[in-house]
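Enquirer: Below is the structure I would like to discuss, written out as C-alpha cells.
The values are calculated or read from the model by the stated rules, or taken from the named source; none is laboratory data. Keep in mind that what you see is a predicted model, and the values were worked out from it rather than measured. Neighbour counts are summed over all protein chains in view; Cβ atoms, including those assigned to glycine, are modelled from backbone coordinates with ideal geometry. Side chains included, ligands, DNA and RNA excluded: accessible areas come from the protein's heavy atoms. Shrake-Rupley method; radii C 1.70, N 1.55, O 1.52, S 1.80 Å.
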Amino acid sequence: GGLAAAGLGSFWLIDMIVNDDFDSVSDKFRTRLPESERKNRPKVVLLGSGWGTLCMLRKLHTDMFDVTIISPRNYFLFTPLLVGGTTGSIEVRSIIEPIRKYCKRSDANEATFYEAECISVDPVKKTIRCVDNSAVKGEVSEFDLQYDHLVVGVGADNQTFNIPGVRENACFLKEFNDTRVIRDKIIDCLETASYPSQPEKEIDRLLNFVVVGGGPSGVEFTAELNDFLQSDLLKNYPLAKRIKVTLVEALPHILTVFDKKIIDHVEKRLRSSENTRIWTKTAVVGVKEKDIIVRNEKKEETNVPYGLLVWATGNAPRKLTTQLIQAIGTNVQNNRRGLVIDDYFRVAGADGIWAIGDASINPSKPLAQTAQVASQQGRYLGRLFNDLAEEMYNEKIKSKDQKLEQVTQEQQPTSTVFQTTTNKSFDSFIKSQPVFKYRHMGTLAYVGDHQAVAEFKGDHSTTTSEGYITYYLWRSVYFTKLLSIRNRTLVVFDWAKSAIFGRDISRA
Ligand code: FAD
Ligand code: NAI
C-alpha cells in the first residue's frame, strides 16, 4: 500500500512538473494590474468548459483579463473515464467538476460564467450570440457579447456521415447524459427480453448489442460491456448468456491508431469472449428503428436486428465551428476537421479569434483529437496570453510608448493592455514567443477484464505493453489526472463499490 502511494505520488509530481501545473504557486509571482488599468482589461471570451478551455482558464492570470466563459454545460467532464459510467463501474457525477469552482480565484479576479450555447460569431464586429438551451427560460434567454479575444474550445460533435437513421436511433458516447441512456437501455433490453412468451427471434434482437466504430471509444465500450455481462448480468438474468456484443468496423482492423502488436492483442482478446463478435471490413450504411444495414467488402448488404446501438465513429465539427468557418470564408478555412489555426492557435482569416482542442486543426502539424492534446494546448495558450499581456504592459510602462499613451478612452474603448489596435505591434510580440510543442505522454486504453494496453512512441521506436500491470498503470494515470481530491475520492469509492458489491442493475 505504501509503495503504491509513493508510486502514485511521484507520478503526480512528475506529471505536474512536466506540464508546469503549479498554477497557484506561479500566480503569486506575477505582475499585478493597478486598479486604474482594471476597467480597461481586454475582454477574453472562452467558448466551452472542456479540456482545452478549462486548462487555459486555470493558467490564465484573470486579473490581467476580463474573462467570460460560455458553455451549455456548467461543468467539466473527465472523458477518459466516461465509458465506465455506461455500466455503473463509476458514477458519472464522480468525474465532473463545476466550472464555477475554477472561475473564482480571489475576490478581485473572478471570471464570469454563463450557461448558454454560443450559436454564432461575427468575426468582423467581434461579437457572439448566445442562447439558453436549458429547460428553464427567463425573460432574457438570448444575449450578445463583445470580445477582444475569443477562444473557441467547443470540442467536436459525433460523426454520423449523414447516414440515415443514426441520429434518431443510435446512442452516442460523448456526454454525461449519453451514459445514462446507454445504461438504461442495456437493462431495459434484458427486462423486455424476459417477458413471458417473448418470441425467440425477438429475444435475439433485443440482446444483440451493436457497437459501431472500432476506435478507442468503441473498443473501450465493448470491453466495459463484456465486464458488465460477465460480472453482473449473468448472475442476475437467466437470459444474459444470450447477449451478443457485435463490434462493427469498416476498416480491416480495430484500433488502427495503435501499434500492430496492440491491435493483434486486443482483437484476439475480444474474439476469445464467447459473447463478442468483431466484424471488420464491414460498414454500417443505414439505421432503422430495430435493424442496421451493414455492407461487407463484397458490397453485399444485410439487415442486422439490434436491441442497443452505440455509435462511436469519430468526430465531426460542431455547428458553431461550421458557422464560423463559413463566416470567415472557405477560401482560408478549408479544412473539414475544424478551424484552421497557425502555430500560435490564431484562427486563419480572423482577428482576435483563437481555437484549441478538437475544434481546431493546424494543417502543418496535425495532432490527434485527444484530451492530452487539448489540455496541453489550453495550458500553452493561457501562458501565451499571460506572457503577452505582461510583456506588453511592462513595455508600455518602460518606454511610455507615445502611440499607446495617445490612445484615448473614446478612440479605444476596450483594451489598453495587451494592445491589439496595431496588429503589427501585436504580431511582433507574438512572434518572439516560443511556438507550441506537443509532448506525447503515451496512449492508454482499457480492454476489459482488468487489462489495458499502452503505447509510448519515441522518435525512433515504439514501446507497447498489455495486460494486468498496464491496467494498474491506466488506473493510476487517470486517477492522478482527475482534477480534484473530491473527484479522486469519489472515483476510488466507485471502483471499490463495484468491486465489492457489483454494479447496480436497477433501471432508475
Ligand atoms: P471538450 O472537452 O469536448 O469540450 C467542449 C466544450 O464546449 C464542452 O464543455 C461543451 O459543452 C462546450 N460547447 C459545445 N458547443 C458549444 C457552443 N456552441 N458554445 C459554447 N460551448 C460549447 N482523450 C484522451 O487523451 N485520452 C482518453 O482516454 C480519452 N478518452 C475519451 C473517451 C471518450 C468516451 C471520449 C468521447 C473522448 C475521449 N478522449 C480521450 C478525447 C477527449 O475527450 C477530447 O479530445 C477532448 O475532450 C477535447 O477537448 P476540447 O476542449 O476540445 O473539447
Ligand atoms: P475514431 O475516429 O478513433 O474511430 C472511429 C472508427 O469508426 C474508425 O476506425 C472508423 O473506421 C470507424 N467507422 C467510421 N464509420 C463507420 C461505419 N459507418 N461503419 C463501421 N465503422 C465505421 O473515433 P472514436 O473512437 O470515437 O474516438 C474519437 C477521438 O477520441 C479520437 O481522437 C480518439 O483518439 C479519442 N479517444 C481516445 C481514447 C484513449 O486515448 N483511450 C478513448 C476514446 C477516444
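Enquirer: So, K201, is that one under 17 Å from Y306 (Cα atoms) and of a type outside the set (D, E) or not?
Expert: It is true that K201 is under 17 Å from Y306 (Cα atoms) and of a type outside the set (D, E).
Enquirer: All but one of (1) in contact with a Ser or Thr (Cβ under 9 Å, 6 or more places away or on another chain); (2) of a type in the set (D, E, K, R); (3) closer than 30 Å to H440 by Cα; (4) away from ligand 2 (no atom under 11 Å from the Cβ) hold for E297, so report the exception by its number.
Expert: All conditions are met except number (3).
Enquirer: Do we find that T470 is crowded, with 19+ Cβ neighbours inside 10 Å and in a helix (DSSP H, G or I) in this structure?
Expert: Spelling it out, T470 is indeed crowded, with 19+ Cβ neighbours inside 10 Å and in a helix (DSSP H, G or I).
Enquirer: Taking the stretch 59-86 only, how many residues are within 16 Å of ligand 2 (Cβ to nearest atom) and of a type in the set (S, T, N, Q)?
Expert: Residues meeting the conditions: 2.
Enquirer: If you check E274, E301, which single one turns out to be open to solvent by 30 Å² or more (accessible area, probe 1.4 Å) and either in contact with a Pro (Cβ under 6 Å, 6 or more places away or on another chain) or closer than 16 Å to N208 by Cα (or both)?
Expert: Only one candidate qualifies: E274.
Enquirer: Which of the residues that make up the stretch 198-217 are within 16 Å of ligand 1 (Cβ to nearest atom) and either part of a helix (DSSP H, G or I) or surrounded by fewer than 18 Cβ atoms within 10 Å (Cβ to Cβ) (or both)?
Expert: P216, S217
Enquirer: With the condition kept exactly as written, say whether any residue in the stretch 257-267 is in contact with a helix residue (DSSP H, G or I) (Cβ under 8 Å, 6 or more places away or on another chain), open to solvent by 40 Å² or more (accessible area, probe 1.4 Å) and within 16 Å of ligand 1 (Cβ to nearest atom).
Expert: yes
Enquirer: Considering Y147, Y114, which residue is aromatic (F, W, Y) and either closer than 22 Å to P317 by Cα or within 12 Å of ligand 1 (Cβ to nearest atom) (or both)?
Expert: Of the residues listed, the single one that is aromatic (F, W, Y) and either closer than 22 Å to P317 by Cα or within 12 Å of ligand 1 (Cβ to nearest atom) (or both) is Y114.
Enquirer: For the structure I just gave you, tell me whether A496 is modelled with pLDDT of 95 or more, at negative phi and more than 25 Å from the chain's Cα centre (by Cα).
Expert: When the stated conditions are applied, A496 passes them.
Enquirer: Still on this model: So, in the stretch 312-348, of the ones that are in contact (Cβ under 8 Å) with a residue 24 or more places away in the chain and open to solvent by 60 Å² or more (accessible area, probe 1.4 Å), which residue ends up nearest to K365 (Cα to Cα)?
Expert: Only one residue tops the list, namely R337.
Enquirer: Since F176 meets every condition but one in (1) modelled with pLDDT of 95 or more; (2) over 19 Å from the mean Cα position of the chain (by Cα), which condition does it not meet?
Expert: Among (1) modelled with pLDDT of 95 or more; (2) over 19 Å from the mean Cα position of the chain (by Cα), F176 violates only (2).
Enquirer: Another question about this same structure. Out of all the residues in the stretch 482-503, which are open to solvent by 60 Å² or more (accessible area, probe 1.4 Å) and more than 14 Å from R93 (Cβ to Cβ)?
Expert: I485, V492, A499, I500, F501
Enquirer: Turning to a different aspect of this structure: Are any of the residues in the stretch 358-368 small (G, A, S), modelled with pLDDT of 95 or more and crowded, with 21+ Cβ neighbours inside 10 Å?
Expert: yes
Enquirer: Answer yes if at least one residue in the stretch 262-280 is among the charged types (D, E, K, R), more than 25 Å from G442 (Cβ to Cβ) and in contact (Cβ under 8 Å) with a residue 60 or more places away in the chain, and no otherwise.
Expert: No, that holds for no residue.
Enquirer: Those residues that are open to solvent by less than 10 Å² (accessible area, probe 1.4 Å) and of a type outside the set (A, V, I, L, M), I need them from the stretch 65-78; list them, please.
Expert: F65, S71, F76, F78
Enquirer: Give me the residue from the stretch 113-132 that is touching a residue at least 24 places away in the same chain (Cβ under 8 Å) and of a type in the set (D, E) and, out of that set, farthest from S71 (Cα to Cα).
Expert: It comes out as D122.
Enquirer: Take the residues of the stretch 50-64 that are surrounded by fewer than 24 Cβ atoms within 10 Å (Cβ to Cβ) and in contact (Cβ under 8 Å) with a residue 60 or more places away in the chain: which is nearest to P98 (Cα to Cα)?
Expert: R58
Enquirer: Next up: For the stretch 397-406, does any single residue satisfy the condition of being buried (at least 20 other Cβ atoms within 10 Å of the Cβ) and modelled with pLDDT under 70?
Expert: Within the stretch 397-406, not a single residue is buried (at least 20 other Cβ atoms within 10 Å of the Cβ) and modelled with pLDDT under 70.
Yes or no, residue by residue, for (1) more than 16 Å from D227 (Cβ to Cβ); (2) part of a loop (DSSP other than H, G, I, E, B); (3) in contact (Cβ under 8 Å) with a residue 12 or more places away in the chain:
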| residue | (1), (2), (3) |
| --- | --- |
| V453 | no, no, yes |
| F456 | yes, no, yes |
| H460 | yes, yes, no |
| S465 | yes, no, yes |
| S476 | yes, no, yes |
| R488 | yes, no, no |
| F493 | yes, no, yes |
| S498 | no, no, yes |
| I505 | no, yes, yes |
